[in-house]
Amino acid sequence: MASSTSCKENSLVLGIETSCDETAVAVVEAGLKIRSNVVSSQIPIHQRFGGVVPEVASRQHVKLIVRVLDQALRDADVTLDDISAVAVAYGPGLVGSLLVGISAAKAIALARGVPLIGVSHVLGHVYANLLAHEHLTLPAVCLTVSGGHTDILYVAPDHTYTVIGSTRDDAAGEAFDKVARVLGLGYPGGPRIDEVSRNGNPKSIEFPRPMLDEDNLDFSFSGLKTAVINHVHRLRQLDQELPISDIAASFQQAVVDVLVGKITRAAEAKQVSTVILSGGVASNTQLRRDLKSECERRGLALYYPPPSLCTDNAAMIACAGYFQYVAGRFSSLSLDAVPGLTLRESAMKEERPGKP
Ligand code: KG4
Ligand code: ZN
């Protein structure tokens, strides 16, 4: 899939990712070969607050960015002189956090006279699949599910994409995190729910499957989240012990049923035989298991990245940036953070070719 490149084929792209609570820098060669991928997670710092504290996150990025950059260059055995372009996530995310990565990227681009490439963080998640699967063929439909977004994309062979479904309220990962908090499982909630669900019965509580039967590709997770919270409050009022594993497993199954139902419907609607999964929630064991068996049943090829490339990292930003680089889509040095950047918006921006 990645063969339609130009003379920029062997270029090294430096990727920078600071949209939330991971300070990450990577060097990727020719779009697909990871030379280094350094991720410094702030999870232990935010854990005691039960979630990401934006002010703390941006301060940590400021403290860490130069160290992480140095490490990424060292691991790749290169210097800034070898870098052909700098790609940086410019949204969606926390504004203060995004600005740290953007400022670092601008400084490098300006000092070295190399192109600056603003990349949508969500699109980066989609490209993580290219890093992991060399032989992935397009067109495909892609379910991208994270703490901040839940979208279905149709990705054409020339890498252009259309958003064909989105959440109307909470993202799937956000629902995982909030339910985990109510169950006292801590932060980040998704992996904890995944873990405790292994000991639970997913059929024990019949939570709603929002919008599953509606004839569209959109999602809504806020009602499901409220149903779980109400269930927990009812049990607490009755002074009953919480069957945490059963509640977690039943909630997780409801989310997975909706995600699997919608993405397979999208494949059918678009008549494609490739399904891609991306974003932090794509590491969910039940989602991978159920989607795999549903895709097998329907004769669809399913791709998802290894867990290390599902969660936030800079290799995915460098990979997406590389394809913008070969297409001549650059950003100017006035690139700004767009905390609420949607995929529809970034598709429009990327249609406009720019100059380095
Ligand atoms: O992509 P990501 O690292 O950051 C965002 O762009 O949001 O995704 C983080 C989200 C969090 O909501 C986290 O709870 C969820 O992904 N997550 C999971 C799992 N691992 C991470 N959700 C369900 N199951 C998992 N195994
Ligand atoms: Zn993400």
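Bear in mind that the values in this text are calculations on the coordinates, not laboratory data. Everything numeric in this text was worked out from a predicted model, so none of it was measured. Note that we place each Cβ from the backbone using ideal geometry, even for glycine, and neighbour counts take in every protein chain shown.
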### Summary
From the Cα centre of segment 173-217 to that of segment 16-58, the distance in Å is 25
### Query
Using only the Cα atoms of the chain, what do you get for the radius of gyration and for Dmax, in Å?
20.2, 69
### Task
Using only Cα atoms, tell me the angle between helix 244-270 and the longest principal axis of the chain; keep it within 0 to 90° and round to the nearest 10.
60
### Query
How do the peptides 138-146, 71-79, 33-41, 12-20 rank, highest first, by the average count of neighbouring beta carbon atoms within 10 Å per residue?
12-20, 138-146, 33-41, 71-79
### Query
Hey, what does the equivalent ellipsoid look like for segment 258-303, semi-axes from the Cα gyration tensor as sqrt of 5 times each eigenvalue, largest first, whole Å?
17, 11, 9
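Let me make sure I get this right: for segment 119-272, a, b and c are the square roots of the gyration tensor eigenvalues over alpha carbons, sorted descending. Under 1.5 in a/c it's rounded, otherwise prolate if a/b > b/c, else oblate. Which is it? Kindly include the intermediate steps, with their values, before the conclusion.
Numbers: a/c = 2.47, a/b = 1.99, b/c = 1.24.
Here segment 119-272 falls in the prolate category.
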### Task
Run the numbers on segment 130-236 and let me know its relative contact order in percent, using alpha-carbon pairs under 8 Å that are six or more apart.
22
### Task
Would you mind checking the tilt of helix 222-237 against the longest principal axis of the Cα atoms of the chain, expressed as 0 to 90 degrees and rounded to 10?
40
### Query
If amide H atoms are built 1.01 Å from N in the plane of the peptide, which residues on other chains or at least 5 residues away come under 5 Å of the amide H of Ser166?
Ile152, Asp218, Phe219
### Query
Can you tell which of Gly91, Gly328, Gly147 shows the greatest fluctuation in a Gaussian network model of the chain with Cα springs below 10 Å?
Gly328
#### Entry: Hull shadow area, averaged, segment 110-153 [alpha-carbon convex hull, nm²]
4.7
### Task
Convert each backbone phi in segment 11-21 into a coupling constant with the Karplus relation 6.51 cos²θ - 1.76 cosθ + 1.60 (shift: θ = phi - 60°), then list the ³J(HN,Hα) values in order as whole Hz, x for Gly and Pro.
5, 9, 10, 8, x, 10, 9, 9, 6, 9, 10
### Query
So how compact is segment 7-119: Cα radius of gyration and Dmax in angstrom?
13.9, 49
### Query
Taking Cα atoms, how many degrees apart are the long axis of helix 172-182 and the longest axis of the chain, rounded to 10 and kept between 0 and 90?
50
### Query
With a ≥ b ≥ c the root eigenvalues of the C-alpha gyration tensor of segment 207-356, is it rounded (a/c under 1.5), prolate (a/b larger than b/c) or oblate?
prolate
### Task
Between Ala227, Ala318, Ala337, find the one with the highest GNM mean-square fluctuation for the chain; connect C-alpha pairs within less than 10 Å.
Ala227
### Task
Mind scanning Lys33/Lys63; Lys8/Lys33; Lys178/Lys270; Lys203/Lys225 and naming the pairs with a C-alpha gap bigger than 25 Å?
Lys33/Lys63; Lys178/Lys270
### Query
In the calculated pair distance distribution of segment 144-220, what percentage of Cα-Cα distances lie above 13 Å?
73
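Using DSSP to call loops (not H, G, I, E or B), can you name the trypsin sites (Lys or Arg not before Pro) in segment 42-73 whose Cβ has at most 10 other Cβ atoms within 10 angstrom? Could you put the intermediate results ahead of the total?
On the way: sites: Arg48, Arg59, Lys63, Arg67; in loops: Arg48.
Taking segment 42-73 and a limit of 10 other Cβ atoms within 10 Å, the loop trypsin sites (Lys or Arg not before Pro) found are Arg48.
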### Summary
In a Gaussian network model of the chain with springs linking alpha carbons closer than 10 Å, the residue among Gly299, Gly280, Gly124 that fluctuates most is Gly299
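Only Lys, Arg, Asp and Glu count, each charged at its Cβ (+1, +1, -1, -1), so figure out the dipole size of the chain about its Cα centre, rounded to 20 debye.
Numbers: 33 positive and 38 negative charges, 52 e Å.
Dipole of the chain, to the nearest 20 debye: 260 debye.
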